[in-house]
1. Give the number of residues within the stretch 204-230 that are farther than 13 Å from Pro170 by Cβ, buried (at least 16 other Cβ atoms within 10 Å of the Cβ) and not aliphatic (A, V, I, L, M).
2. Looking only at the stretch 236-291, which residues are hydrophobic (A, V, I, L, M, F, W, C), open to solvent by 70 Å² or more (accessible area, probe 1.4 Å) and more than 14 Å from Ala105 (Cα to Cα)?
3. Filter the helices (runs of 4 or more DSSP H) completely within the stretch 154-271 down to those with at least 3 residues that are within 24 Å of Leu82 (Cβ to Cβ) and charged (D, E, K, R).
4. For the structure I just gave you, tell me whether Gly218 is over 25 Å from Val147 (Cβ atoms), modelled with pLDDT under 85 and in the same structural domain as Thr146 (by the TED database).
5. Gly189 fails exactly one of the following numbered conditions: (1) closer than 25 Å to Gly222 by Cα; (2) at pLDDT below 90. What is the number of that condition?
6. Pick out the one residue from Asp120, Asp77 that is assigned by the TED database to the domain that holds Trp203, modelled with pLDDT under 90, within 15 Å of the chain's Cα centre (by Cα) and open to solvent by 50 Å² or more (accessible area, probe 1.4 Å).
7. Which condition from (1) modelled with pLDDT of 85 or more; (2) in contact with a Ser or Thr (Cβ under 6 Å, 6 or more places away or on another chain) is the one that Gly159 breaks?
8. Provide a single number: the residues in the stretch 127-163 that are acidic (Asp, Glu) and either more than 24 Å from the chain's Cα centre (by Cα) or at positive phi (or both).
Amino acid sequence: PLPRASVEDTGRPLPAPPLVLEHRVLKALLGAWALAACSPEETVAVEDHLGDCGACADEALRLRGAVGLLHPPESLDLDPALRTRVLEACLGRRPPRIPVPAWAAPYDAETARLDQLLQDIGDVEWHAPIRLRWFDGKAPASRRSTVAGVLAHLLTVDGLVAVALGLDDPLEAGTDTPTPTGRTEAYWGAASVPPTRSVRGPWREQSHHLVRTVAFAGGGSGLLPVPYGDFTLPLRDSMLDRAFETWVHAGDIADAVDYPYEPPAPRHLHAMIDLGARMLPSALAARRQGRGEH
């Protein structure tokens with residue numbers, strides 16, 4: 001290779017010589033340096049000086065620590081209430097032509113939040129282990145599953161609402177036990193391989209169809225019965241039940257993939273708690289009779 005040309009022979013401007021400042025000037029610049037407000041030349045001069053002056057180095061550390069207290073680190077995750085505020089502002093300016101009934105809004109919000117979480121996880125995380133726990137009518141029960149398996153569970157149980165609304169059933173073949181557990185086991189058993197991320201598409205499409213259908217049906221459809229096998233809920237309560245379970249299992253998924261997850265909006269959480277309080281007497285009565293899957 002040809003020898004390198006000296007910078008003096010290239011015709012380019014020579015680099016500026018290092019800035020030489022007195023100690024008192026460098027000490028006065030420490031505050032600006034801590035705030036990253038020095039010029040590049042001043043920054044080089046100050047940092048060179050800190051390597052030689054212990055007193056200024058100690059002062060620089062103290063000032064940099066104070067700046068850190070003035071600017072605490074902020075989370076990069078979006079405010080969980082941001083979506084609600086944006087939608088409220090938009091709807092306040094232009095109300096929807098076909099609004100979603102208030103009793104379906106929690107399901108709409110929780111499925112959207114879960115879908116956002118699923119969008120951020122990688123292929124491997126779909127197989128992260130999760131243990132599902134429930135009460136089978138006689139004793140606590142549990143089952144080992146995965147993130148994809150839990151979403152398949154939500155797909156099949158939401159299918160109870162879909163069937164009641166006249167939509168397609170996600171189960172290709174009917175099951176003799178139309179309970180949430182029976183439908184889930186039937187879906188898992190019919191699959192030739194364990195569920196993968198491909199289950200997100202059908203679940204997402206079904207949740208959109210449910211919200212769209214109840215919106216077109218109007219608030220009067222809230223009394224439509226939705227059978228759960230051992231009991232029946234009106235559609236308005238069933239949508240709250242599905243919103244609650246979506247939130248609970250979204251929390252399971254978030255824990256499995258180490259993802260932060262916030263509670264529902266207060267007004268939606270209030271509606272879910274109200275449903276639980278209203279269902280408690282019948283659940284206790286069924287428990288005393290030794291039946292029911294709650």
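1. 5
2. Correct list: Ile273, Leu280, Leu284.
3. Values: elements: 180-190, 200-217, 235-256.
Once the helices (runs of 4 or more DSSP H) in the stretch 154-271 are filtered for at least 3 residues that are within 24 Å of Leu82 (Cβ to Cβ) and charged (D, E, K, R), what remains is 200-217, 235-256.
4. Yes: the conditions hold for Gly218.
5. (1)
6. On the way: Asp77 fails: assigned by the TED database to the domain that holds Trp203.
Only one candidate passes the filter, namely Asp120.
7. It is condition (2) that Gly159 fails.
8. 1
The values are calculated or read from the model by the stated rules, or taken from the named source; none is laboratory data. What you are looking at is a predicted structure, and each value in this text was computed from that prediction instead of being measured. Neighbour counts run over all protein chains shown; Cβ positions are idealised from the backbone, glycine included. SASA here: full protein model, heavy atoms, side chains in, ligands and nucleic acids out. Shrake-Rupley method; radii C 1.70, N 1.55, O 1.52, S 1.80 Å.
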